[in-house]
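Q: I'd like to ask some things about the structure below.
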Amino acid sequence: NLSAVSEFVLVGLSDAPEIRLLLFVLFLLIYLATIAGNITLLIALSTDSHLHSPMYFFLGNLSLLDLLCPTITMPKMLGTLLLEHKEISFSGCLFQHFSLIAVVGTEIFLLAVMAYDRYVAVCHPLRYLSIMSTKLCAQLALGTWATGLLNSLLHTSLVFTLSFCGPNKIQQYYCDLPPVLALSCSSTHSRELVILVVAGVLGSSACMVTVVSYICILLEILARRSSGIWHKAFSTCGCHLAIVCLFYGTTIFTYVRPSFTYSLHWDRVVSMLYGMLTPLLNPIIYSLRNKEVKCALKRVISQV
């Protein structure tokens, strides 16, 4: 620890008491809905034998990530809104930063894997099970988690080995990369360049795989010229692609840019989109558009 700062202060969302209480209730409801939706989906996927296929295996990984992502940031934010306890220790900030970058990075790669899975299912349906074997699915899932963790380890080591000897107010409701970098009293140019290059290469690669997969799916649908296939594919893939674009767009906007472009208000809004909105929408988009998952969810709810 090269830092003279022993703790940071999270600025939070608002200092007005009446607004804080309203925000607390709103975000608590969002958090509880996110947790309930993803846990229910995980139970349905694990208990229903009809859903033990590659697509639902990756969907289970996505639900687990969507459980972790808001859990890393929202309890502390809710505590700040309700109790005004804005301080977070240096080690606590480091752990929060590492965990969030790991989860977000893993989800970026997992969405690319899920897009490739849909490409194989649509464009090579007869060879789907032979291509997406159990071994390959396990390797892809393990690879996404490992890459996310290694990427986070690199980012965290580059940021938290800097010297922090002056201001300690983080202009965000959690320990995010740009506002933490802005507090360092060391030169951050070389480390920012490494972060931008690594994040840019990994993010653009995952985005490229996703885009190419959906383009191939679209071309395959166009070649079949069937209105039934058109409706089914667009009703499913269209929603998936919208959520993917929202997640990729907001994360790239947050992390693939220099820290001097950080904006207090805009970055809070953007971080809420990928940190709160997408974990809430993912179980809805990926489950309620699917008859098999809806039947499994009904069975789980009826048992409860």
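Q: Which number in (1) modelled with pLDDT of 90 or more; (2) within 30 Å of residue 214 (Cα to Cα) marks the one condition that residue 154 misses?
A: Against the list (1) modelled with pLDDT of 90 or more; (2) within 30 Å of residue 214 (Cα to Cα), residue 154 comes up short only on (2).
Q: Within region 183-211, track down each residue that is touching a residue at least 60 places away in the same chain (Cβ under 8 Å), under 14 Å from residue 255 (Cβ atoms) and more than 23 Å from the chain's Cα centre (by Cα).
A: Correct list: empty.
Q: Here are the criteria: (1) part of a loop (DSSP other than H, G, I, E, B); (2) closer than 14 Å to residue 173 by Cβ. Tell me which single one residue 26 does not satisfy.
A: (1)
Q: Between 181, 218, 196, which is at pLDDT 80 or above, in a helix (DSSP H, G or I) and open to solvent by 60 Å² or more (accessible area, probe 1.4 Å)? Don't jump to the end; show me each part of the working.
A: Values: 181 fails: open to solvent by 60 Å² or more (accessible area, probe 1.4 Å); 196 fails: open to solvent by 60 Å² or more (accessible area, probe 1.4 Å).
Of 181, 218, 196, the one residue that is at pLDDT 80 or above, in a helix (DSSP H, G or I) and open to solvent by 60 Å² or more (accessible area, probe 1.4 Å) is 218.
Q: How many of the residues in region 283-296 are under 15 Å from residue 49 (Cβ atoms) and crowded, with 18+ Cβ neighbours inside 10 Å? Steps first, answer last, please.
A: The first filter runs over region 283-296 and keeps only residues under 15 Å from residue 49 (Cβ atoms), leaving 292-293, 295-296.
Filter once more, so that each one left must be crowded, with 18+ Cβ neighbours inside 10 Å: 293, 296.
Final tally of qualifying residues: 2.
Q: Would you mind telling me which numbered condition in (1) modelled with pLDDT under 90; (2) closer than 30 Å to residue 151 by Cβ; (3) aliphatic (A, V, I, L, M) residue 44 fails?
A: Going through the list (1) modelled with pLDDT under 90; (2) closer than 30 Å to residue 151 by Cβ; (3) aliphatic (A, V, I, L, M), residue 44 breaks only (2).
The values are calculated or read from the model by the stated rules, or taken from the named source; none is laboratory data. It should be emphasised that the depicted structure is a prediction, and the values quoted were computed from it without experimental measurement. Heads up, the Cβs are rebuilt from the backbone with ideal geometry, glycines too, and the neighbour counts pull from every protein chain shown. For the accessible areas, the whole protein counts, side chains as well, though only heavy atoms, and no ligand, DNA or RNA atoms are used. Shrake-Rupley method; radii C 1.70, N 1.55, O 1.52, S 1.80 Å.
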